[in-house]
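Notes for the one structure printed next.
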Amino acid sequence: MEIKNNTEKLANFYLEVMELENDTETLEWKVVLDPQQIKQWEQGEAALAVAPPEIEWEKVFERFFSVARSCQKWQAGPQPVSDAFLKSLEELAESQRKEFITSLFKVDGQIGKWARLLGAPVDLLDFIALVTFRPFFKTYGQAVLGQVQLNDWMQSHCPVCGDQPTMAKLAGKEGYRKLYCGRCETEWRYRRIGCPYCKDENASQASFITLEDSKQYRIYLCERCKSYLKTVDERVCGEVDLFCEDLATVELDRLAQAEGYQRGDRRQQV
């Protein structure tokens, strides 16, 4: 099976997105947590819910539009980006643009409403929003994690933005599991056995698929909630960038979905 499907286009898309990030320095989200906010975090509330930053929505909208055009250019994303979609974005009124960006900023925002308004698939909006917000959430997360003890976080959702994990990796000589959030690129340690989506710890309800020609990859399957979690074993391949791995392992998604499982983060892939 060919794992690196459309690698060149995805690489070009990723490089173009990285160039866009050079313009985000003025959008870095800084945060100082007070003792009460730290306590809330320790009780399981993600930092973004406890201490949300101010959004410069005009600049974020510009980045969203640029990412959408890059998706169209390099054919990245779960659905094609149409000219009609780009035109619908351009025609949004100023108040609508602000509401649109504010909605996408939230983990549980009203993305369905905007998909209908713009005539675009929900999974496409979600993908573009994911790429758009990632550098902002990443710098925000770095500021947050410098003020808390990440080892104290025992939840399956992201300690920074509250999203569900996108992938996982097995790290260190012991092969301990670290979950990865594709929204803000935060990694955190989580128990090795159990599904991070439905919280089932029954080992008999879990299994995984390995690939003969790509032994660094595993697809963990949960029989209880029918979710899967793509995982990279760094003991086999060395340290990896899970953002790139997620984009490059589309065939793993297709394999799991053909068996009746769905991504635990409920996102479609490119």
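Tell me, Met167, Met18 in order of fewest to most beta-carbon neighbours within 10 Å?
Least to most surrounded, the residues fall as Met18, Met167.
Along region 247-252, what does the Karplus equation 6.51 cos²θ - 1.76 cosθ + 1.60 (θ = phi - 60°) give for ³J(HN,Hα), rounded to whole Hz, x for Gly and Pro?
Per residue, the Karplus-derived 3J(HN,Hα) values read 5, 8, 10, 4, 5, 5 Hz.
Using Cα positions and a limit of under 16 Å, work out the lysines in reach of Lys98, with same-chain residues fewer than 8 apart set aside.
Within the straight-line cut-off, Lys98 pairs with Lys59, Lys106, Lys113.
Take every DSSP beta bridge with both residues inside the chain and express the antiparallel ones as a percent of the total, to the nearest 5.
The antiparallel fraction comes to roughly 80 percent.
Which far-off residues, 5 or more places away or on another chain, put their amide H under 5 Å from the one on Ser227, with H placed in the peptide plane?
The answer is Cys222, Gln262.
Sorted from fewest to most neighbouring beta carbons within 10 Å, what does the list Ile209, Ile219 look like?
Ordered by Cβ neighbours within 10 Å, fewest first: Ile209, Ile219.
Using the Karplus curve 6.51 cos²θ - 1.76 cosθ + 1.60 with θ = phi - 60°, what ³J(HN,Hα) values do you get for each residue of region 54-63, in whole Hz, with x for Gly and Pro?
Values, residue by residue: 6, 9, 7, 4, 4, 5, 5, 5, 4, 5 Hz.
Please report Rg (one decimal) and Dmax (integer) in Å for the Cα set of region 227-270.
Taking only Cα atoms of region 227-270, I get Rg and Dmax of 10.9, 30 Å.
Taking only C-alpha pairs under 8 Å that are 6+ residues apart, what is the relative contact order of region 167-263 in percent?
After rounding, I find 25 percent.
Once you place label points 7 Å from the Cα toward the Cβ at Ala11 and Asp83, how far apart are they in nm?
Here the modelled spin labels are 3.1 nm apart.
Show log10 I(q)/I(0) for region 168-270 at q = 0.12, 0.13, 0.20, 0.22 Å⁻¹, two decimals, from a solvent-free Debye sum over equal Cα scatterers.
With no solvent term, the Cα-only Debye profile gives -0.35, -0.42, -1.09, -1.36.
Would you work out the relative contact order for the chain, in percent, from Cα pairs under 8 angstrom that are 6 or more residues apart?
Relative CO of the chain lands at 20 percent.
Report, as a whole number in µm² per second, the diffusion coefficient that Stokes-Einstein gives for region 1-146 at 37 °C and 0.692 mPa s using the Kirkwood radius over alpha carbon pairs.
198 µm²/s
Looking only at Val250, Val148, Val32, which one moves most when the chain is put into a Gaussian network model with springs between Cα atoms under 10 Å?
Greatest mean-square fluctuation among the candidates belongs to Val32.
Lysine pairs in region 158-239 8 or more apart or on different chains: how many have alpha carbons under 17 angstrom apart?
9
Note down the Stokes-Einstein diffusion coefficient of region 125-206 in µm²/s, whole number, using a Kirkwood radius over alpha carbon pairs, 37 °C, and 0.692 mPa s.
Rounded to a whole number, D works out at 242 µm²/s.
From the phi of every residue in region 138-148, what ³J(HN,Hα) in whole Hz does the Karplus formula 6.51 cos²θ - 1.76 cosθ + 1.60 yield, where θ is phi - 60° and glycine or proline is x?
In residue order, the calculated couplings are 5, 5, 4, x, 4, 5, 5, 5, x, 10, 10 Hz.
Which three semi-axes in whole Å describe the equivalent ellipsoid of the chain, each the square root of 5 times a Cα gyration tensor eigenvalue, listed largest first?
They are 29, 24, 17 Å, listed from largest to smallest.
Only the coordinates and a few stated rules stand behind these numbers; no lab work does. Computed from a predicted structure; not experimentally measured. Quick reminder, even Gly has a Cβ in these numbers, built from the backbone with ideal geometry, and neighbours come from all protein chains shown.
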